[in-house]
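The values are calculated or read from the model by the stated rules, or taken from the named source; none is laboratory data. All of these numbers come straight from a predicted model, not from anything done at the bench. All Cβ positions, even for glycine, are placed from backbone atoms using ideal geometry, and neighbour counts span all protein chains on display. Ligands, DNA and RNA are stripped out before the accessible areas are found, and what is left, the full protein with its side chains, is counted by its heavy atoms. Shrake-Rupley method; radii C 1.70, N 1.55, O 1.52, S 1.80 Å.
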Amino acid sequence: MNLDLKDRTFLVTAASRGLGFSVAKSLMNEGAEVIICGRTEESLKRATKALGTSAHYYVTDLSKKEDVVKLVRNIADESDQIDGLFVNAGGPPPGTFSNLSDDDWKKAIDLTLMSAVWLTREALPLLKMSNSPSILYSTSISVKQPIDNLLLSNAIRPAVIGMMRTLASELAPYNIRVNAICPGYISTERTEQLMAASESGVENINAKIPLGRMGTPEEFGPVCAFLLSPVASYIHGAILLVDGGLYQGMM
Ligand code: NAD
């Protein structure tokens with residue numbers, strides 16, 4: 001299938017590794033130009049080297065509003081349009097209600113919710129210039145069912161879904177599509193760290209997943225590239241799980 005991504009430009013955030021990197025790679029495999037961001041120059045240099053010549057990067061801490069504003073202003077200095085935005089950031093730290101402080105909550109809200117608000121607000125003028133603009137919010141299976149010891153994700157990510165579903169109406173007049181993708185367990189550094197910090201080993205997690213294993217970044221990126229592409233032109237306001245069947249609710 002031709003996703004019609006050639007000569008289109010996408011901003012993929014938190015993409016020096018993991019899920020963001022897999023999305024950047026999938027978009028580029030389809031001929032798109034990609035702008036990525038992350039916190040360190042070193043990791044971004046490594047990532048753009050692996051991605052190839054049509055990848056550009058900006059050092060950005062997504063939990064800081066001024067960084068997000070600067071990121072999009074820098075992009076706007078180079079080009080008056082982007083065709084899509086993959087909204088992604090590092091995950092909030094694990095923890096239970098009794099061991100998380102107000103400071104933990106505030107930091108997680110900035111990283112997980114406000115980064116999505118700031119990115120959307122800043123990128124809208126550039127997206128409005130595209131003939132097929134779309135935003136894909138990367139959240140988690142935690143918006144469907146809570147994950148043990150990940151209270152911050154369980155509590156804050158559903159707010160991103162609430163925003164996305166509202167934007168599906170508010171941005172429709174501009175033809176800007178919005179959707180959300182919810183990974184279950186995809187093998188990345190994040191899942192390795194969470195496994196190391198948890199009592200349940202990989203085998204226990206795999207046993208809960210109907211397909212019997214975690215997903216790979218290569219099974220995640222192409223799905224996102226499709227949702228961001230003009231081929232998905234009638235998919236709007238959707239919430240798609242990529243979880244090997246882990247979520248077993250009816251809705
Ligand atoms: P990862 O740790 O492999 O990669 C995270 C990326 O985010 C890195 O590039 C890192 O540099 C960047 N990053 C972290 N904090 C940042 C910040 N403040 N500003 C800019 N960049 C920042 O993690 P991942 O597995 O790719 O996960 C990405 C997101 O998806 C996380 O929010 C994670 O919680 C969520 N998620 C992942 C899974 C999974 O199975 N991998 C499942 C559900 C949700």
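Structure notes:
- Only helical runs count toward this figure. For the chain, summing -39,500 (n - 2.57) over DSSP H runs of n ≥ 4 and dividing by all residues gives -13000 deg cm²/dmol at 222 nm.
- Note on the chain: with charges restricted to the Cβ of Lys and Arg (+1) and Asp and Glu (-1), its dipole about the Cα centre is near 220 debye.
- Cβ-defined net charge surrounding Leu5, 12 Å radius [Lys, Arg +1; Asp, Glu -1]: -3
- Here the relative contact order of the stretch 123-251, from alpha carbon pairs under 8 Å that lie six or more residues apart, stands at 32 percent.
- Accessible area of Met129 (1.4 Å probe, protein heavy atoms only, ligands and nucleic acids ignored): about 110 Å².
- Of Leu127, Ala89, Thr48, farthest towards positive along the dipole that unit charges on Lys, Arg, Asp, Glu beta carbons give the stretch 9-242: Leu127
- What a 1.4 Å probe finds exposed on the chain is 52% carbon and sulfur by accessible area, rounded to a whole percent.
- Packing order of peptides 40-50, 153-163, highest average first: 153-163, 40-50 (average count of other Cβ atoms within 10 Å over each peptide's residues).
- Normalised per residue, the accessible area of the stretch 172-251 is 54 Å², obtained with a 1.4 Å probe and no contribution from ligands, DNA or RNA.
- Paramagnetic label reach from Glu219 (point 7 Å along Cα→Cβ; backbone nitrogen cut-off under 16 Å): within the stretch 1-33, residues 19, 22-23.
- Residues in the stretch 97-114 that a label on Glu199 would reach, taking backbone N under 17 Å of a point 7 Å out along Cα→Cβ: 97-99
- Over the chain, Cα pairs under 8 Å with separation of 6+ residues give a relative contact order of 21 percent.
- Note on the stretch 88-166: with charges restricted to the Cβ of Lys and Arg (+1) and Asp and Glu (-1), its dipole about the Cα centre is near 360 debye.
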